[in-house]
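Notes follow the structure.
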Amino acid sequence: MLFSRVKKSRDEMFDREYEFNKIISAITDGVPLIVVTGIRRVGKTTLVKVLLNEIDTPGIYIDARKLWSIHANISPKVIKKEIVKSLDARKSYAPVMRLLRSLKSVAIAGSGVEFKDEKTDLIDVLDDIENNGERTVIVFDEAQYLRYSNYDYTALFASLNDNYENITLILTGSEIQILEEFLGFNDKHSPLYKREHEIVHLDRFSRDESAMYLKEGFKEVDLSVGDREIENAVEVLDGIVGWLREYGWLRYRGRTHSEAIDEVFQKAKSDIIDELSGYSPRYLTIMMAISEGYHSWSAIKAYVERSEGKRIDKKTLYTAIRNLIRYGYIEKRDDGHYIIDPVIERALRHTR
């Protein structure tokens, strides 16, 4: 179902054929490291999860953002356990079961998959997977969160890149600048400097693609929605598949057009508040300023000072704005700063 939150097969996805086939081609050609980028809610996680279900080779999925939220420091021990947890969760897939049966470090027990020896470390597990002889894909979703670890994962990735023939890493990231800085393909001081890799970027849908997505989704659930409402949804949601899916799902669940759009805005508002709460309250104030039309640096500064009731120095504000750009929330254009996600912008504009 196009509007379902969880998708397991390509039949449940809309488009992305080019990106899907590009990743498949890179895996087939033995590219050791594939980087999948795109703004938030554009479909990166759905793409890689469906890919793991579709390819005839073992696949492991690790959510780095979730691990960071739980552990803060993502240690090799945590990653080791996540590999086994993923294999256990996906053991119904034939390629994963083939891998499990070949691994010397784990056992398939009555309660699930477990290590034969708890002293086994991450490198032991990776060596075991490599020695299996069958190409295995390991996905680190939102991989930029690995930078918070005390362990240097770029050095590990470089070692896998240079010395392992049967492991392909797929790293996804919404904070594109942060991910690029973390990996350092163009930084001569980075372990991954000039290492072989493939970049696959997901753009938002065009207006035509957005309209077709909604029309096909409504047809699938036998729901009649007028062209005018679809056109308005396309204009408001601006090609971001996560919001289009949310709108379609709400319509399927009985909401009117205006109710569904309003609920999408409410979710966007809740999401951005939750996401920025881990940083600084000032980040949300800056986003509010931009949403209300204050795009220049000086106008944002004046807005923040009015909101906080105090003067702030230029360096502090510059750092906050730069971080919001690096985290993928805003972008710098010739005439000022703008919020990348138009739904977030509209949601914030109507907050007060």
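The values are calculated or read from the model by the stated rules, or taken from the named source; none is laboratory data. All values derive from a computational prediction rather than experimental measurement. Every residue, glycine as well, gets a Cβ built from its backbone with ideal geometry; the counts of neighbours run over all protein chains shown. Side chains are part of the model used for accessible areas, which takes the heavy atoms of the whole protein and leaves out ligands, DNA and RNA. Shrake-Rupley method; radii C 1.70, N 1.55, O 1.52, S 1.80 Å.
Looking at Gly59, Gly38, can you tell me which residue is under 15 Å from Glu82 (Cβ atoms) and touching a Leu at 6+ places or on another chain (Cβ under 8 Å)?
Exactly one residue qualifies, and that residue is Gly59.
Quick check on the stretch 240-279: of everything there that is within 26 Å of Arg326 (Cβ to Cβ) and not in a helix (DSSP H, G or I), which residue is most open to solvent (accessible area, probe 1.4 Å)?
Residue satisfying both the conditions and the ranking: Ser277.
Of everything in the stretch 319-352 that's outside any helix (DSSP H, G or I) and in contact with a His (Cβ under 9 Å, 6 or more places away or on another chain), which residue is surrounded by the most Cβ atoms within 10 Å (Cβ to Cβ)?
Ile330
Conditions tested, residue by residue: (1) more than 18 Å from Leu47 (Cβ to Cβ); (2) not basic (Lys, Arg).
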residue	(1), (2)
Ile108	yes, yes
Val113	yes, yes
Leu126	yes, yes
Asp141	no, yes
Glu165	yes, yes
Leu179	no, yes
Gly184	yes, yes
His201	no, yes
Arg204	no, no
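Of the residues that sit in the stretch 192-211 and are of a type in the set (D, E, K, R) and part of a loop (DSSP other than H, G, I, E, B), which one is nearest to Trp249 (Cα to Cα)?
Filtering the stretch 192-211 for residues of a type in the set (D, E, K, R) gives 194-196, 198, 203-204, 207-209.
If we keep only those that are part of a loop (DSSP other than H, G, I, E, B) too, we end up with 194-196, 203-204.
Details: Lys194: 43, Arg195: 42, Glu196: 40, Asp203: 22, Arg204: 19 Å.
Per the criteria, the residue is Arg204.
Would you confirm, using the coordinates I've provided, whether Asn150 is in contact (Cβ under 8 Å) with a residue 12 or more places away in the chain and touching a His at 6+ places or on another chain (Cβ under 9 Å)?
Details: in contact (Cβ under 8 Å) with a residue 12 or more places away in the chain: yes; touching a His at 6+ places or on another chain (Cβ under 9 Å): no.
No, not satisfied.
The conditions are (1) more than 16 Å from Val36 (Cα to Cα); (2) open to solvent by less than 40 Å² (accessible area, probe 1.4 Å); (3) assigned to a loop (DSSP other than H, G, I, E, B), and Leu214 fails exactly one of them. Which is it?
Among (1) more than 16 Å from Val36 (Cα to Cα); (2) open to solvent by less than 40 Å² (accessible area, probe 1.4 Å); (3) assigned to a loop (DSSP other than H, G, I, E, B), the lone unmet condition for Leu214 is (3).
In this structure, is Ser25 more than 25 Å from Tyr329 (Cα to Cα) and among the hydroxyl-bearing types (Ser, Thr, Tyr)? Spell out the reasoning first.
On the way: more than 25 Å from Tyr329 (Cα to Cα): yes; among the hydroxyl-bearing types (Ser, Thr, Tyr): yes.
The answer is yes for Ser25.
If we keep just the residues of the stretch 217-229 that are touching a residue at least 24 places away in the same chain (Cβ under 8 Å) and not hydrophobic (A, V, I, L, M, F, W, C), which is surrounded by the most Cβ atoms within 10 Å (Cβ to Cβ)? Explain how you work it out, then say what you get.
So the first thing to find is which residues in the stretch 217-229 are touching a residue at least 24 places away in the same chain (Cβ under 8 Å), and the list is 217-218, 220-221, 223, 225, 229.
Still in the list and also not hydrophobic (A, V, I, L, M, F, W, C): 217, 220, 229.
Numbers: Gly217: 23, Glu220: 14, Glu229: 18.
Going through the qualifying residues, I end up with Gly217.
Among the residues of the stretch 128-155, how many are part of a helix (DSSP H, G or I), open to solvent by less than 30 Å² (accessible area, probe 1.4 Å) and not acidic (Asp, Glu)?
Looking only at that region, the number is 7.
With respect to the numbered conditions (1) of a type in the set (Lys, Arg); (2) surrounded by 15 or more Cβ atoms within 10 Å (Cβ to Cβ); (3) free of Cβ contacts under 8 Å to residues at least 24 places away in the same chain, which one is the sole condition not fulfilled by Arg282?
(3)
Checking Ile170 against (1) in contact (Cβ under 8 Å) with a residue 60 or more places away in the chain; (2) open to solvent by 10 Å² or more (accessible area, probe 1.4 Å), which test does it fail?
If we test Ile170 against (1) in contact (Cβ under 8 Å) with a residue 60 or more places away in the chain; (2) open to solvent by 10 Å² or more (accessible area, probe 1.4 Å), just (2) comes out false.
Give the stretch 290-318 a look and list any residue that's part of a loop (DSSP other than H, G, I, E, B) and over 21 Å from Ala347 (Cβ atoms), or say none.
Ser296, Gly309, Lys310, Arg311, Ile312, Asp313
Can you work out which of the residues in the stretch 190-211 that are in contact with a strand residue (DSSP E or B) (Cβ under 6 Å, 6 or more places away or on another chain) and surrounded by fewer than 19 Cβ atoms within 10 Å (Cβ to Cβ) is nearest to Ile261 (Cα to Cα)?
Going through the stretch 190-211, the residues in contact with a strand residue (DSSP E or B) (Cβ under 6 Å, 6 or more places away or on another chain) turn out to be 197-201.
Next, from what is left, pick out any that are surrounded by fewer than 19 Cβ atoms within 10 Å (Cβ to Cβ): 197-199, 201.
On the way: His197: 40, Glu198: 37, Ile199: 34, His201: 28 Å.
Result: His201.
If you scan the stretch 230-245, which residues turn out to be over 17 Å from the mean Cα position of the chain (by Cα) and without any contact (Cβ under 8 Å) to a residue 40 or more places away in the chain? Steps first, answer last, please.
Kept after step one, since they are over 17 Å from the mean Cα position of the chain (by Cα), are these residues of the stretch 230-245: 230-238.
Within the stretch 230-245, Ile230, Glu231, Asn232, Ala233, Val234, Glu235 qualify.
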